[in-house]
1. Would you check which residues across region 457-479 are touching a Ser or Thr at 6+ places or on another chain (Cβ under 8 Å) and buried (at least 17 other Cβ atoms within 10 Å of the Cβ) and list them?
2. For region 80-108, how many residues meet the condition of being within 24 Å of the chain's Cα centre (by Cα) and among the hydrophobic types (A, V, I, L, M, F, W, C)?
3. Residue by residue through region 125-161, note down the ones that are outside any loop (DSSP other than H, G, I, E, B), under 31 Å from the mean Cα position of the chain (by Cα) and of a type in the set (D, E, K, R).
4. Is it the case, given these coordinates, that VAL578 is at pLDDT 95 or above, farther than 18 Å from TYR517 by Cα, out of contact with any Cys (no Cβ under 8 Å at 6 or more places or on another chain) and outside the structural domain of ASP228 (by TED's automatic domain parsing)?
5. Among the residues of region 318-368, write down those that are farther than 30 Å from PRO307 by Cα and among the basic types (Lys, Arg).
6. Does LYS429 satisfy the condition of being at pLDDT 95 or above, surrounded by fewer than 20 Cβ atoms within 10 Å (Cβ to Cβ) and closer than 17 Å to VAL513 by Cβ?
7. Count, please, the residues in region 251-273 that happen to be crowded, with 21+ Cβ neighbours inside 10 Å and touching a Pro at 6+ places or on another chain (Cβ under 7 Å).
8. With the condition kept exactly as written, say whether any residue in region 303-311 is in contact with a Ser or Thr (Cβ under 7 Å, 6 or more places away or on another chain), β-branched (Val, Ile, Thr) and assigned to a loop (DSSP other than H, G, I, E, B).
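The values are calculated or read from the model by the stated rules, or taken from the named source; none is laboratory data. Since we're looking at a predicted model, the values are computed, not measured. Counting neighbours? That spans all protein chains shown, and the Cβs are built from the backbone with ideal geometry, glycine included.
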Amino acid sequence: MKKYLIAIAAVLALLPAVFASPLSAGNYKSYKVAVYARAYEVEKMGDPEWLRSTWETISSQMNVDRIYLETHRDLLIVPQSTVDAAKKFFKEHGVEVAGGITYTVNERNNFETFCYTNPEHRKKVQEIAEFTAKNYDTIILDDFFFTDCKCDLCIEAKGDMSWTEYRLKLMTEAGQNLVIGPAKKINPNVKVIIKYPNWYDDFQGLGFDLEHGPQIFDGVWSGTETRDPAGAQHLQNYLSYNIIRYLDNLRPGHNFGGWVDAGGINMGADRYAEQLWLTMFAKAPEIALFDYRSLVGNTINPAWKTPWQGTGTSFDWDEMMKPFKAGVEPTTIARIAGYTLAKVDPIVAQLGKPLGIVSYKPYHAKGEAFLQNYFGMIGLPMDMRPEFPTDQQVVLLTAQAADDPDIVSKIDAQLHRGGDVVITTGLLKEIPEKIAQFAELTLDGYALVNDFGRNGKSEKDILIPEVGYYTNDTWETISAGKPLTGGTSGWPILLRGKYSKGNLYVLTVPEDVSDMYVFPDAVLNTIRTTLGRDLKARLEGPSKIGLFVYDNDKVIVESFRDEPCEATVVVGDRRIPVSLKPHSFELIDIK
């Protein structure tokens, strides 16, 4: 397989530059806006009146550059005559047309996927790829090109491998031999793009191969749907930005878009709008709205107007509700999307390349899942990379770095260069004997804290791991106790130890990660200063504020809070005060 992967990568390197970017002139300055239609809705497009009326509902409320017409989902294959009619309709209406595939047997049955060990299923997967390639020059595989099957065939084929090992091998092979190869044989011009969903830290367990997948496919898309952060997946708002940057680092220039649905609309229209603009702040060249059905049938509900509307927020409900065109009143969620994307387009046009604090996440690594998104929520701009950097003053390592057998030598080299390494207590827990080369540390139990001394107090008790160390070998930069001032004991929140020409820091992560949101401002400010040394700008202020930094001296400060707040952007000796409305952002030039 290795030889095959190398050959595929070599061929991709020779493709015309246009393959690296699908962006072209359209309705927006900075990106394309697309709509994804499931096979269920595409099948209905065989009815000309249904197609005309539903498209009128969408297009009267927003501008659309491209539509993705799905050929298969849940064993439903759209008839060729309907595919032809739908393609003709949208082309006549000036909309670019591309294809989509969802490889599910029954999505409603716990996302039941095809079994890629079963010969009959493999044949069907290939037939779907060939049928779709015959009709489209660009194809996106929606979320489900993974396997959750543990049938007897899979159990036997897995043998002594772990499920992760087996599924990674199986799905990489299936991508090459059942989808990409057959599709390109039918249509040599076809681009096959894989859309990865939002649960990236668990991908390897279901066969999503982030090491090889972005190389063998023509590109990737990113699931930026964060919906309700309190849901089962704990998708913090910041993920809508962070996943774009992370997946782009897997193969720079080949992350072609972000993908948003309306799953969080129950929290208010602001939450939906926020996912849209965070996707674009990450400089995605295209955004897809899932899905056609939602844009037609998800009728605007007055309950979506949040209590803070009318205070000058970035998303303005009353302005959105004004007619988009003469005689066209907003009726569905399509108007919310159209309004938001049109409003942020000129802002995104001013942004350079996103920058952030480099966090090393080896391929297929696990541990402290999605922690970087929580860091993003406390004002730490994240730049997750699959390779250990050698050009940064500060490198952030979470428990995921333990999966790299050479991590000690890489930390050692960084410190000898005069750089700093910040590790989390999660990484210390995973490899204490390796970290001992730099500082002999222990994890001695747990403590409840609420007092951070001169740095203030938290509004609640926080359970933290107790880091033990040798006095005068390492020093506490931030401490906490209950109480700390006038108390009997304290524990490090940020610990520093010198090594060679650099510093090793240990950042204590609470047992409930979201308890970082109740750290006092002064604690957060010190953490931001320590980690943000590679960036021109840093944030001061409370949690639930995001900082987005760009290489052309632009920054965006965004509040994820339900109430107004004050923050400060620090640039060298300058301090730039920022007043933020709830769930709103400000663009700042820091030149």
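1. Of the residues in region 457-479, the ones touching a Ser or Thr at 6+ places or on another chain (Cβ under 8 Å) are 464-465, 467-469, 477-478.
Those that are touching a Ser or Thr at 6+ places or on another chain (Cβ under 8 Å) and buried (at least 17 other Cβ atoms within 10 Å of the Cβ): ILE464, PRO465, VAL467, TYR469, THR477, ILE478.
2. Going through region 80-108 one residue at a time, the tally reaches 2.
3. GLU130, LYS158
4. For VAL578, the condition - at pLDDT 95 or above, farther than 18 Å from TYR517 by Cα, out of contact with any Cys (no Cβ under 8 Å at 6 or more places or on another chain) and outside the structural domain of ASP228 (by TED's automatic domain parsing) - is met.
5. Of everything in region 318-368, those that are farther than 30 Å from PRO307 by Cα and among the basic types (Lys, Arg) turn out to be LYS353, LYS361, LYS366.
6. Taking the combined requirement at face value, the residue satisfies it.
7. 2
8. Checking region 303-311: not a single residue is in contact with a Ser or Thr (Cβ under 7 Å, 6 or more places away or on another chain), β-branched (Val, Ile, Thr) and assigned to a loop (DSSP other than H, G, I, E, B).
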